[in-house]
Amino acid sequence: MPTFDLATSELRDLNRALHALAEGTNETCWDITNPRGSHAIAVGINAPVEISIHGSTGYYCGGMNRQAKIMVHGSVGPGVAENMMSGQVVVKGDASQYAGATGHGGLLVIQGNASSRCGISMKGIDIVVRGNIGHMSAFMAQAGNLIVCGDAGEALGDSIYEARLFVRGSVKSLGADCMEKEMRPEHLEIVSKLLARAGIADVKATEFRRYGSARKLYNFNVDHADAYG
């Protein structure tokens, strides 16, 4: 198992080694120690490997991930799993702003709380948050699922497109063009499967409410001009 100690090794060398991995590599499990809040750890990986990061990280950990399973045994700074394409990123602690931003695929699990703008402009990623999320989460979210086992802050789903939002707790307020929707059997199935994948067994899908687009802002309408600001 390759091990990188970032107290003695350069982050650039770590990412260079990870970028060099190819399909069929036998170096499938990596340990990263002493991250000490470094930025851009394990970004741009395109190989089916498992990476354990022992400690908290800075900006953009796991960004642009493809195929890799990344586990952070700590908290993460802004932009974790930003623009992720596939694979999985699990954060054992809390996440700062815009977790999973613009993600196209894969699964992001945050076992603590997420700050503001969680899932902003998500494009197909699935995000499961064990705790709460901050304001303006899922702003302009286009596709994918955001599941929140705790509470949501102000302006949830502002200017949302077709992403699906599921919140178990309270919602401080909904953003422009976001509304509560019926929780149908297919949505219960989505939530159940994602909770299982996230390893959350003590929460039931029936405890969630669903939110999505009212579809009034897809095309500009002067009668709704105030809502665009």
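Go over the candidates Ala198, Ala227, Ala214 one by one and state the one that is surrounded by 14 or more Cβ atoms within 10 Å (Cβ to Cβ), at pLDDT 95 or above and of a type in the set (A, V, I, L, M, F, W, C).
That would be Ala198, the only listed residue that is surrounded by 14 or more Cβ atoms within 10 Å (Cβ to Cβ), at pLDDT 95 or above and of a type in the set (A, V, I, L, M, F, W, C).
For (1) in contact with a strand residue (DSSP E or B) (Cβ under 9 Å, 6 or more places away or on another chain); (2) modelled with pLDDT of 95 or more, each residue gets a yes or a no:
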site	(1), (2)
Leu21	yes, no
Trp30	yes, yes
Thr57	yes, yes
Gly63	no, yes
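Could you check Asp158 against (1) surrounded by fewer than 24 Cβ atoms within 10 Å (Cβ to Cβ); (2) out of contact with any Cys (no Cβ under 7 Å at 6 or more places or on another chain) and say which number it fails?
Only one criterion is unmet by Asp158, namely (2).
Which ones in region 11-47 are surrounded by fewer than 18 Cβ atoms within 10 Å (Cβ to Cβ) and in contact with a helix residue (DSSP H, G or I) (Cβ under 9 Å, 6 or more places away or on another chain)?
Within region 11-47, Glu27, His39, Gly44 meet the criteria.
Only one of Thr102, Thr57 is under 17 Å from Asn145 (Cα atoms) and of a type in the set (Ser, Thr, Tyr). Can you tell me which? It would help to see each step written out before you state the result.
Numbers: Thr57 fails: under 17 Å from Asn145 (Cα atoms).
Only one candidate passes the filter, namely Thr102.
Suppose the filter is farther than 19 Å from Ile127 by Cβ, in a loop (DSSP other than H, G, I, E, B), of a type in the set (A, V, I, L, M) and outside the structural domain of Arg197 (by TED's automatic domain parsing); does Ala40 pass it?
Details: farther than 19 Å from Ile127 by Cβ: yes; in a loop (DSSP other than H, G, I, E, B): yes; of a type in the set (A, V, I, L, M): yes; outside the structural domain of Arg197 (by TED's automatic domain parsing): yes.
Here the answer is yes, as Ala40 does meet what is asked.
Select from region 68-116 the residues that are within 10 Å of the chain's Cα centre (by Cα), outside any loop (DSSP other than H, G, I, E, B) and of a type in the set (A, V, I, L, M) and list them in ascending order.
Val89, Val90, Val91, Ala95, Leu107, Leu108, Val109, Ile110, Ala114
Here are some conditions: (1) buried (at least 23 other Cβ atoms within 10 Å of the Cβ); (2) in a strand (DSSP E or B); (3) in contact (Cβ under 8 Å) with a residue 24 or more places away in the chain. Ile53 meets all but one. Which one does it not meet?
Unmet for Ile53, out of (1) buried (at least 23 other Cβ atoms within 10 Å of the Cβ); (2) in a strand (DSSP E or B); (3) in contact (Cβ under 8 Å) with a residue 24 or more places away in the chain: (3).
The values are calculated or read from the model by the stated rules, or taken from the named source; none is laboratory data. These numbers come from a predicted model, not from an experiment. Backbone-built Cβ (ideal geometry, glycine too); neighbour counts: all protein chains shown.
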